[in-house]
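Trainee: Take a look at this one; I'll ask things after.
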Amino acid sequence: MDTHTQADNTFDVAIIGAGPAGAVAAALLRKAGRSVLVLERQHFPRFSIGESLLPQSMAYLEEAGMLQAVVEAGFQYKNGAHFVWRDQTATIDFRDKHTPGWGTTYQVERALFDDLLVRCAAEQGAVVRFGHTVRSMQTGDAPVLDVIDEAGNAYEVRSRFVFDASGFGRVLPRLLNLESPTGMPTRAAIFTHVRDGLPLDATDRNKITIATHPVHRDVWFWMIPLAGGKSSVGCVAHAAFLDVPEAEREAKLRALIQEEPTLARLIGDAPFLMPVRQIGGYAANVERLHGPGYALLGNAGEFLDPVFSSGVTIALRSAHLAVHTLERQLNGETVDWLASYDVPLRKGIDTFRVFVETWYTGELQDIIYYPRQTATIRRMLSAILAGYAWDETNPYVAEPARRLGILHEACGTF
């Protein structure tokens, strides 16, 4: 990794953030022959949430030349999702879906996964600097970043374009005052890792489990089996529902797990492997995903909700779209970023948004648990839950709100 000994701080593209969006963007730019600098405030490996990938992500990892490294890393295989509410269950197999493409992926410890991706990008020639913080940006045709390292040394980075892939850090939205209301309620999550010690037949480790609280239908749990006999487990609810002092988080999560029969059976009193963490107010949005000399990738632009594990998929999709758009611009073409990047990316985000909103109203839950769903509709829904939220041959992508509304009426109450 680069330790910031070089005097030349001029690059074709500067990327803020070394998470999946930044790493994949860097690799794709290197494949196109561009010089790339990645600036990351933290040091890797570092903990991050968002551990259950979607199959759509695999195409972008393959495009970035990272697939072999990911396959060989030994992460937990994933092929679907298992939903539980009271005595109702539903299983969705991502391999049986409307849209062609990958139907399998992995459940990963993000510290290891993110570190692997950015090291792949570095091996492809991207310059990566850890412990470097962006303090300000001059926008325009030749953007300039004001950066400071951990030793307090300030310097300027000049580039032809900047990608903000800073995730929840949302560097440019804060620095450039781009934030806008999300329209999403303020929810929070508390979570940890457990040493589950599950027998091989206790649950399907190839699927994430999404369990709805038996009383509070807008409260849900995840259980994500990881490699090495452990699982990630968490609870998502309105922030007030989970609002307890830090010292009481473990007891709160333990109590909530005991209230949901499936998780109580699978996890019980299994030891927690790290302190219970909390994130809140994570839903975010911006007025636009691009501006003079920059574009926002992944969570730096918009984050919805963790229920369908869409975060990494949106991040990688944004990296793919942004790099292909920027390549046209750097090659001398006049590019409409709104039409080429913003609108296409938001199409999939808006599809996921409708699914998130109808999940919390209970409508999508009714649909998922409906016992007489046709195979065709099930495959259309499976495709979106597998991450293929941009495939407009799928009616539930082309018109998600209207189609789900009609489908919910057809399901009725059962």
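The values are calculated or read from the model by the stated rules, or taken from the named source; none is laboratory data. Predicted model only: the values in this text are computed from it and were never measured. We place every Cβ from the backbone using ideal geometry, glycine too, and count neighbours over all the protein chains shown.
Trainee: Are there strands (runs of 3 or more DSSP E) fully within the range 63-124 with at least 3 residues that are buried (at least 17 other Cβ atoms within 10 Å of the Cβ) and touching a helix residue (DSSP H, G or I) at 6+ places or on another chain (Cβ under 8 Å)? List them. Break it down stepwise before answering.
Mentor: Working: elements: 76-78, 80-85, 88-93, 105-107.
Output list reads 80-85, 88-93.
Trainee: Scan the range 256-274 and report the pairs whose first residue is surrounded by fewer than 19 Cβ atoms within 10 Å (Cβ to Cβ) and whose second residue is small (Gly, Ala, Ser) and at pLDDT 90 or above, with Cβ atoms within less than 6 Å and a gap of 6+ or a chain change.
Mentor: Hits for this filter: 258/264.
Trainee: Filter the range 143-159 for residues that are of a type in the set (A, V, I, L, M), more than 12 Å from residue 294 (Cβ to Cβ) and surrounded by 12 or more Cβ atoms within 10 Å (Cβ to Cβ) and give the result.
Mentor: Step one: list which residues in the range 143-159 are of a type in the set (A, V, I, L, M), which gives 144-145, 147-148, 151, 154, 157.
Next, from what is left, pick out any that are more than 12 Å from residue 294 (Cβ to Cβ): 147-148, 151, 154, 157.
147, 148, 157 - these are the residues of the range 143-159 that are of a type in the set (A, V, I, L, M), more than 12 Å from residue 294 (Cβ to Cβ) and surrounded by 12 or more Cβ atoms within 10 Å (Cβ to Cβ).
Trainee: To continue, here is another question. Can you name the residue in the range 1-58 that is of a type in the set (Lys, Arg), at pLDDT 95 or above and outside any helix (DSSP H, G or I) and is also farthest from residue 75 (Cα to Cα) among such residues?
Mentor: Among them, the one singled out is 34.
Trainee: Among the listed residues 203, 192, which satisfies the condition of being hydroxyl-bearing (Ser, Thr, Tyr) and part of a loop (DSSP other than H, G, I, E, B)?
Mentor: 203
Here's the yes/no breakdown for (1) free of Cβ contacts under 8 Å to residues at least 12 places away in the same chain; (2) surrounded by 23 or more Cβ atoms within 10 Å (Cβ to Cβ); (3) assigned by TED's automatic domain parsing to the domain that holds residue 210:
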| residue | (1), (2), (3) |
| --- | --- |
| 362 | no, no, no |
| 372 | yes, no, no |
| 378 | no, no, no |
| 383 | no, yes, no |
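Trainee: Within the range 335-354, can you find the residues that are within 16 Å of residue 287 (Cα to Cα) and free of Cβ contacts under 8 Å to residues at least 12 places away in the same chain?
Mentor: 339, 343
Trainee: Hey, residue 332 hits all of (1) free of Cβ contacts under 8 Å to residues at least 60 places away in the same chain; (2) buried (at least 19 other Cβ atoms within 10 Å of the Cβ); (3) farther than 27 Å from residue 62 by Cβ but one; which does it fall short on?
Mentor: (2)
Yes/no matrix, rows are residues, columns are (1) at pLDDT below 95; (2) assigned to a helix (DSSP H, G or I); (3) not aromatic (Phe, Trp, Tyr):
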site: 279; (1), (2), (3): yes, no, yes
site: 285; (1), (2), (3): yes, no, yes
site: 334; (1), (2), (3): no, no, yes
site: 341; (1), (2), (3): no, yes, no
site: 387; (1), (2), (3): no, no, yes
